[in-house]
């Protein structure tokens, strides 16, 4: 594939001249412009969509990556959901002249920056409005606040949950319950609604049980389910951590996974793969890379109308689900 360097060499001009022709900026003689256009045609060169942006970027963008202590812990450990998101952000930053600073909520507002990436669901409406009031671009990552016209990059929790439940319904399962976490985060609320919709479409009553992942009350949740509902055929959870804890508590009580109960998580964490848990994969690195690219576009003053970008998820079936009811 020909590069901008190849075009410059064929046209007998500098790379910066090719860049000026591509971006229609700066002084370029008509002869040089025609030479560049001819070289592009002869080589079959098509500018990368980012070429125009990168060519006009100033010396360096300053990006504030805003995280709460809860999110920062993932970076300290060097693993987990938000560490992978961060790697996606870093991969894009390597392609441009940019420096990042990881900051907390208050520090970010005091910093000189060109744009904000707000990571995770720990930002309330008024907090987001404070960042927006600076006049600098703001992109929410793995979070969205309904009714706010703010850029956001999220995963398709609704579609992922809906597809997972439909998969089990088609196999003949009917006693399917949902163990959900705090529903204030947009991602968990979407997964909740996807489960509810799939059950409702088949005329089945959804059954919900709340798990507090901070205090880890899964033992009590499982006891409550078994006492009030009986043995479910399938348990769908808000994330892999919840599914793994449910698996542990069920096995303590003598239930076999998946012979007695099928389990489905969400996110596709390394632990889910290790324990062969069926889950819904979130493309975490791409959450980060899409968000960073969107922020760059906004910092360039391009396509400034707010957009919510939703990345499709994918069912990953492993050994925690059965092919049919027993």
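Key figures
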item	result
Failed condition for residue 177, given (1) more than 17 Å from residue 262 (Cβ to Cβ); (2) in contact with a helix residue (DSSP H, G or I) (Cβ under 7 Å, 6 or more places away or on another chain)	(1)
Members of the range 46-69 found to be surrounded by 13 or more Cβ atoms within 10 Å (Cβ to Cβ) and modelled with pLDDT of 80 or more, listed by number	61, 62, 63, 64, 65, 66, 67, 68
Complete set of residues in the range 164-203 that are under 13 Å from residue 315 (Cβ atoms) and free of Cβ contacts under 8 Å to residues at least 24 places away in the same chain	170
Residue within the range 16-23 that is modelled with pLDDT under 85 and touching a strand residue (DSSP E or B) at 6+ places or on another chain (Cβ under 7 Å) present	no
Pick from the range 91-116, criterion part of a helix (DSSP H, G or I) and surrounded by fewer than 15 Cβ atoms within 10 Å (Cβ to Cβ), ranking: farthest from the chain's Cα centre (by Cα)	110
Meets criteria (touching a helix residue (DSSP H, G or I) at 6+ places or on another chain (Cβ under 7 Å) and under 13 Å from residue 211 (Cβ atoms)) for residue 244	yes
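The values are calculated or read from the model by the stated rules, or taken from the named source; none is laboratory data. Please read all numbers here as calculations on a predicted model, not as lab measurements. Every residue, glycine as well, gets a Cβ built from its backbone with ideal geometry; the counts of neighbours run over all protein chains shown.
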